[in-house]
Amino acid sequence: LIPTGPKKNMAFDFLDISEIVKPMIMEFLDHKWLNETLCTDSPTAEFIAMWIFNHLHSKLKDLYSITIC
């Protein structure tokens, strides 16, 4: 948790996460042909979750799982 300041007691600020996640969604997922943007011929939910995790892991250092709904 962040110990002080305006983000005190937050593990993550959702605005900070959104600034990383939204561009990824717009570039690769939203209204896209997933076979092309994700470089696969089988974009299953499991594959998409793994792809998102791999794409975000270096940007969100404490990321440990992805849930697809």
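The values are calculated or read from the model by the stated rules, or taken from the named source; none is laboratory data. Because the structure is predicted, anything quoted here is derived from the model rather than measured. Don't worry about glycine lacking a Cβ; one is built from the backbone with ideal geometry, like all the others, and counts go over all protein chains shown. We work out accessible area using only protein heavy atoms, side chains counted, and drop any ligands, DNA or RNA first. Shrake-Rupley method; radii C 1.70, N 1.55, O 1.52, S 1.80 Å.
State whether the residues of segment 42-50 include one that is over 18 Å from Ile68 (Cβ atoms), open to solvent by less than 50 Å² (accessible area, probe 1.4 Å) and in a loop (DSSP other than H, G, I, E, B).
No, segment 42-50 contains no residue that is over 18 Å from Ile68 (Cβ atoms), open to solvent by less than 50 Å² (accessible area, probe 1.4 Å) and in a loop (DSSP other than H, G, I, E, B).
Which residue pairs have Cβ atoms under 6 Å apart, sit 6 or more places apart or on different chains, and have a first residue in segment 1-16 that is of a type outside the set (A, V, I, L, M) and a second that is at pLDDT 90 or above and open to solvent by 60 Å² or more (accessible area, probe 1.4 Å)?
Asp13/Lys7
Name the pairs: first residue in segment 17-37 and modelled with pLDDT of 95 or more, second residue of a type in the set (A, V, I, L, M, F, W, C) and not in a helix (DSSP H, G or I), Cβ to Cβ under 9 Å, at least 6 apart or on different chains?
Short answer, once both residue conditions are applied: Ile20/Leu60; Val21/Leu60; Phe28/Leu38; Leu29/Leu38; Lys32/Leu38.
Just the residues that are within 24 Å of Pro6 (Cβ to Cβ) and either touching a strand residue (DSSP E or B) at 6+ places or on another chain (Cβ under 6 Å) or of a type in the set (Lys, Arg) (or both), please, taken from segment 16-37.
Correct list: Lys22 only.
If you check Ile25, Ile17, which single one turns out to be open to solvent by 50 Å² or more (accessible area, probe 1.4 Å), within 17 Å of Ile66 (Cα to Cα) and assigned to a helix (DSSP H, G or I)?
So the residue among Ile25, Ile17 that is open to solvent by 50 Å² or more (accessible area, probe 1.4 Å), within 17 Å of Ile66 (Cα to Cα) and assigned to a helix (DSSP H, G or I) is Ile25.
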